[in-house]
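The values are calculated or read from the model by the stated rules, or taken from the named source; none is laboratory data. Computed from a prediction, not measured in an experiment: that's the story for all the values here. Cβ atoms come from the backbone with ideal geometry, glycine included; neighbour counts cover every protein chain shown.
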Amino acid sequence: MSGWAWTALALYLVWLTAAFGWRSVLQRRRTGDTGFRGLSGRPGSASWWAGVLFLTALLGAALAPAATLAGLPVFIDGATAPHAAGVAVTVVGIGATLAAQTAMGSSWRVGVDRHDRTALVTGGPFAYVRNPIFTAMAVTGAGLTLTVPNVLALAAFVALVVAIELQVRVIEEPYLRQTHGPAYLEYSARAGRFVPGIGRHPARAADPGD
């Protein structure tokens, strides 16, 4: 099992470095801004918990393979196929994360600053899904969990999913409705939230506070 744990750890570091480290460097070179906005909301609020859970998920994804290397048992052992599938899913998730970030261009951000006025991105993968970066992150998390399926990996994945749901529903969608108004409402009526066709807002939703 140690081989799969080392593989998961290496893939996680590649993803973290490329999706956050290198992406922020590239963003700064292009715009003069790293794109990082950090935690938002007062402690204990839904938006604050979204940030805390994101950090928990990132930490847990690194600790999970390290813990298995230290002796923490996994739920599935002795079968190659599930772990190999996990590696394949992780690679797809990493590639999709980077592709979605590239499609977002200069509008890419980590977190939300309500004073920002970035362009509404509706092309590429965003034509079908409003949050393809988060979808790709969830795919990556699922792959890492399958590669080293221990209790820490599962907890990190659950934290990631909850964080994404909170971030999108409580922070980003209200911000985008307020910032882009009818343009976002029209867009959200045809593009799914995380997967195509699912989570679209009704076309009649003309009230930004809906």
Of all residues in the range 120-147 being among the polar types (S, T, N, Q) and either part of a helix (DSSP H, G or I) or in contact with a Ser or Thr (Cβ under 6 Å, 6 or more places away or on another chain) (or both), the one that is surrounded by the fewest Cβ atoms within 10 Å (Cβ to Cβ): Thr135
Filtered residues of the range 172-190 (kept if crowded, with 21+ Cβ neighbours inside 10 Å and either assigned to a loop (DSSP other than H, G, I, E, B) or of a type in the set (A, V, I, L, M, F, W, C) (or both)): Leu176
Single residue of Trp4, Trp22, Trp48 found to be in contact with a His (Cβ under 6 Å, 6 or more places away or on another chain), in a helix (DSSP H, G or I) and farther than 15 Å from Thr140 by Cβ: Trp4
Hey, Arg200 modelled with pLDDT of 95 or more, touching a helix residue (DSSP H, G or I) at 6+ places or on another chain (Cβ under 8 Å) and of a type in the set (D, E, K, R) or not: no
Restricting the range 162-177 to residues that are among the acidic types (Asp, Glu) and modelled with pLDDT under 95, the residue that is nearest to Leu55 (Cα to Cα): Glu172
Among the candidates Ala5, Ala88, Ala18, Ala70, residue that is surrounded by fewer than 17 Cβ atoms within 10 Å (Cβ to Cβ), in contact (Cβ under 8 Å) with a residue 60 or more places away in the chain and at negative phi: Ala18
Residues of the range 87-119 that turn out to be among the polar types (S, T, N, Q) and either assigned to a loop (DSSP other than H, G, I, E, B) or at pLDDT 95 or above (or both), as a count: 3
